[in-house]
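Colleague: Once you've had a glance at the structure underneath, I'll fire off some questions.
The values are calculated or read from the model by the stated rules, or taken from the named source; none is laboratory data. The shown structure was predicted, so the numbers you read here are calculated from the model rather than taken from an experiment. The area values use the complete protein model at the heavy-atom level, side chains included, leaving out ligands, DNA and RNA. Shrake-Rupley method; radii C 1.70, N 1.55, O 1.52, S 1.80 Å.
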Amino acid sequence: MVNWNLINGLEGKFSAQDVRKNILSYIILNYPASQVEFIEREDKNYKIDIRGGANLIFDFKGQFVKAIN
């Protein structure tokens with residue numbers, strides 16, 4: 001389970017709200033009308049599974065890294 005309220009990174013603390021906005025904005029822009037099946041926190045990133053589609057990888061600041069189909 002991801003704790004969206006407090007995020008620490010190598011460069012110090014940063015806003016969890018900004019991370020959510022970045023990820024949400026990317027998904028709305030690139031995968032409109034899609035559903036997020038799950039969000040998983042991995043060692044250095046977040047993995048977002050789009051139902052019936054790609055797995056999206058974002059860094060801890062919410063910046064898109066890559067899509068895995």
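Colleague: Restricting to the stretch 29-49, name every residue that is open to solvent by less than 90 Å² (accessible area, probe 1.4 Å), assigned to a strand (DSSP E or B) and of a type in the set (Asp, Glu).
Modeller: Glu40, Asp49
Colleague: Do you know which residues across the stretch 54-67 are open to solvent by less than 80 Å² (accessible area, probe 1.4 Å) and in a strand (DSSP E or B)?
Modeller: The first filter runs over the stretch 54-67 and keeps only residues open to solvent by less than 80 Å² (accessible area, probe 1.4 Å), leaving 54-60, 62, 64, 67.
Asn55, Leu56, Ile57, Phe58, Asp59, Phe64, Ala67, listed by residue number.
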